Amino acid sequence: MATSTAPLIEAAGLSISFNGSAALTHVDFDVTAGEVHALVGENGAGKSSLMKILGGLYAPDAGSIRVQGESVRLANVNDAARAGVAIIHQELNLVDTLSAVDNIFLGKELRTRMGFPDRRAMHAAAKQVLAQLGFKEGCAHRIGRDFARRRETTRRDR
Ligand SMILES: Nc1ncnc2c1ncn2[C@@H]1O[C@H](COP(=O)(O)OP(=O)(O)OP(=O)(O)O)[C@@H](O)[C@H]1O
Ligand SMILES: [Mg+2]
C-alpha cells in the first residue's frame, strides 16, 4: 500500500551476475524525496549495474523494486522513465550525426497535437537549456562538428 512517507525508490535484495560472476549480491538501496546519494566503490564494484537495474537497462536475477511504495517491474528504459527514474550515464553517448536539439530530445520528442514532431518547441527548449549551460553554438548544428572542435579546444587548454 503506497503511503506518502514511503521512499521514492526502494530496492531490496537486488542480485545480478554476468557469466556466472556476481556483480551485486542482495543489495538494498532506498532513496527518500530530497535526498542526494553518492554511490562510492572501486572499479567493478557494481555501481553502474545497480543504476542500470533501476534505469530498466538490466533485469536483476533477484530482488524487488518499489517506487513510492508500489511494486514495479522496470523491464526497459520507458518503464523506468514512467516511474520517474532517469539516468545520466557515465559514458558519453551522443549521436554525432544529429544536432544538439535532436540529441537532447532523442526518444522523447515533443509532439504537436497532431502527433508530428514539434520542431519549434524542441528548438526553443533546447536553446534555453544550452544557454543556461553557457553553450554559444546554435543548437541546430550537428554534434559531430561542434563537439570535435570543442574537444580540440579543451585539449589545447590543458
Ligand atoms: N553487460 C555486462 N556484461 C558482462 N559483465 C558486466 C556487464 N556489466 C557489468 N559487468 C561486470 O559487473 C561488474 C560490475 O560492473 P559495474 O560496471 O557495475 O561496476 P562499477 O562499480 O560501475 O565500475 P566503474 O567504477 O569502473 O564504473 C564488473 O565485474 C563488470 O565487468
Ligand atoms: Mg560504472
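The values are calculated or read from the model by the stated rules, or taken from the named source; none is laboratory data. This is a predicted model, so every value here is computed, not measured. Because the Cβ atoms are built from the backbone with ideal geometry, glycine has one as well, and the counts that use them run over all protein chains shown.
Points to keep in mind about this one:
- The listed residue being surrounded by 14 or more Cβ atoms within 10 Å (Cβ to Cβ) and at pLDDT 95 or above, out of GLY63, GLY69: GLY63
- Pick from region 92-121, criterion among the basic types (Lys, Arg) and modelled with pLDDT of 90 or more, ranking: farthest from GLY144 (Cα to Cα): ARG113
- Residue in region 38-48 that is surrounded by fewer than 18 Cβ atoms within 10 Å (Cβ to Cβ), assigned to a helix (DSSP H, G or I) and within 16 Å of ligand 2 (Cβ to nearest atom) present: yes
- Among residues of region 100-123 that are of a type in the set (Ser, Thr, Tyr), those with a beta-carbon under 6 Å from a residue that is surrounded by 11 or more Cβ atoms within 10 Å (Cβ to Cβ) and part of a loop (DSSP other than H, G, I, E, B) at least six positions away or on a different chain give the pairs THR112/ASP118.
- Pairs meeting the criteria (first residue in region 42-58 and assigned by TED's automatic domain parsing to the domain that holds ILE16 and more than 6 Å from ligand 1 (Cβ to nearest atom), second residue at pLDDT below 95 and among the charged types (D, E, K, R), beta carbons under 6 Å, at least 6 apart or on different chains) are GLY56/ASP79.
- Residue in region 74-93 that is exposed (fewer than 15 other Cβ atoms within 10 Å of the Cβ), in contact (Cβ under 8 Å) with a residue 40 or more places away in the chain and on the phi > 0 side of the Ramachandran plot present: yes
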